[in-house]
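These notes are about the structure you will find just below.
The values are calculated or read from the model by the stated rules, or taken from the named source; none is laboratory data. Quantities reported herein were computed from a predicted structural model and do not represent experimental measurements. All Cβ positions, glycine included, derive from the backbone under ideal geometry; neighbour counts span all protein chains shown. In case anyone asks, the SASA skips ligands and DNA or RNA and just uses the protein heavy atoms, side chains included. Shrake-Rupley method; radii C 1.70, N 1.55, O 1.52, S 1.80 Å.
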Amino acid sequence: MVVLSGEVSSCKKAVSDANVNLSSPIIGAFKVFQQELDTKHDKYERLVKISRDVTIESKRTIFLLHRVTSVPDVEAILTEADAKLDMVRQKIGLIADELRGEDIYQFHRAFTPGIQEYVEAVSFQHFIRHRSLISLEEINARLVFMRTEDPKAPTEAAPVGTHVLTFQVTPSDYLLGVADLTGELMRLCISSVGNGDIDTPFQLSQFLRQIHDGFSYIGNTGPYEVSKKLHTLRQSLGKVEDACYTLRVRGSEIPKHMLADVFTSRTTIMDPEEGVV
């Protein structure tokens, strides 16, 4: 009986499909909607793939920058990191191409992980070189791309079809990238101590305290993701301050080659509600 009812329903559907007027304006409108949605979904998937490439290259840059504590020529590492970041910016240029004429917030979730990782990498390099935090304006100033309508046009002189394409990192992506930076600075602190550098931890402690104060001013008025990462930021700051305390109080008792083992074996117990005081 169930089979018969299924056959009857399928026959009714076939008859109804045969009676559909394909030239109807309603059918035509829905076909246009279908094409628009397919185009949007395809663009979204392309942005996700580009964002993954940006994330991978940015992580490789961060891994490279962590070597500055163990090599004599720091500038060589920073120069190599510059080349890697230029490659990342080229990929971000592909994101800018995809977003040309589009509402950026319709596709923001597709590429925000890659942009946050890029902000983390470029701010990490900027801190190692200048001992300061890079601003959002400085990051956006480097995301300017020249595009030509004719790819075969000569590059010596600017052709008529040349135009400037920019990509603007949103304030929320910038804040989230800076929040992730604190974890890398905490690792830099531990590795610096392991290589006998006892000055960097105190510089990092002061710098992280300033970042923590800035995020505390934002409080619950900022993006929801920022408040979620505030606890991790406090943990990183606590570990760096714990390392500074050990260096100041017990630094003369512990051999330099054992300091890193002492810091990594100690755990900082922090109340997530109270954080760092």
Where a residue in segment 82-111 is assigned by the TED database to the domain that holds Ile62 and open to solvent by 80 Å² or more (accessible area, probe 1.4 Å) and its partner, wherever it lies, is part of a helix (DSSP H, G or I) and of a type in the set (Asp, Glu), with Cβ under 8 Å and at least six apart: Met87/Glu57
Between residues in segment 161-185 that are under 20 Å from Leu64 (Cβ atoms) and residues that are among the charged types (D, E, K, R), which pairs lie under 6 Å by C-beta distance while being six or more apart or on different chains? Gly177/Glu120; Asp180/Glu120; Leu181/Glu120
Would you pick out the residues in segment 40-61 that are farther than 16 Å from Ile104 by Cα and without any contact (Cβ under 8 Å) to a residue 24 or more places away in the chain? Lys49, Ile56
Within segment 211-241, restricting to residues that are out of contact with any helix residue (DSSP H, G or I) (no Cβ under 7 Å at 6 or more places or on another chain) and farther than 23 Å from Arg131 by Cβ, the one that is modelled with the highest pLDDT is His231
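Here is a yes/no grid of residues against (1) at pLDDT 95 or above; (2) in a helix (DSSP H, G or I):
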residue: Lys84; (1), (2): yes, yes
residue: Gly114; (1), (2): yes, yes
residue: Ile134; (1), (2): yes, no
residue: Asn140; (1), (2): yes, yes
residue: Glu149; (1), (2): no, no
Which residues, taken from segment 160-216, are within 22 Å of Val54 (Cβ to Cβ), open to solvent by 50 Å² or more (accessible area, probe 1.4 Å) and in contact with a Gly (Cβ under 9 Å, 6 or more places away or on another chain)? Pro171
If you go through segment 223-248, how many residues are within 20 Å of the chain's Cα centre (by Cα) and charged (D, E, K, R)? 4
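Those residues that are exposed (fewer than 14 other Cβ atoms within 10 Å of the Cβ) and either more than 16 Å from the chain's Cα centre (by Cα) or not in a helix (DSSP H, G or I) (or both), I need them from segment 59-73; list them, please. It would help to see each step written out before you state the result.
Start the filter on segment 59-73 by keeping residues that are exposed (fewer than 14 other Cβ atoms within 10 Å of the Cβ), which leaves 59, 63, 70-73.
If the condition is that a residue be exposed (fewer than 14 other Cβ atoms within 10 Å of the Cβ) and either more than 16 Å from the chain's Cα centre (by Cα) or not in a helix (DSSP H, G or I) (or both), then Ser70, Val71, Pro72, Asp73 are the ones that fit.
Counting just the residues of segment 96-119 that are touching a Gly at 6+ places or on another chain (Cβ under 8 Å) and among the hydrophobic types (A, V, I, L, M, F, W, C), which one comes out nearest to Tyr44 (Cα to Cα)?
Looking only at segment 96-119, we keep the residues that are touching a Gly at 6+ places or on another chain (Cβ under 8 Å), and these are 115-119.
Filter once more, so that each one left must be among the hydrophobic types (A, V, I, L, M, F, W, C): 115, 119.
Numbers: Ile115: 15, Val119: 21 Å.
My answer is Ile115.
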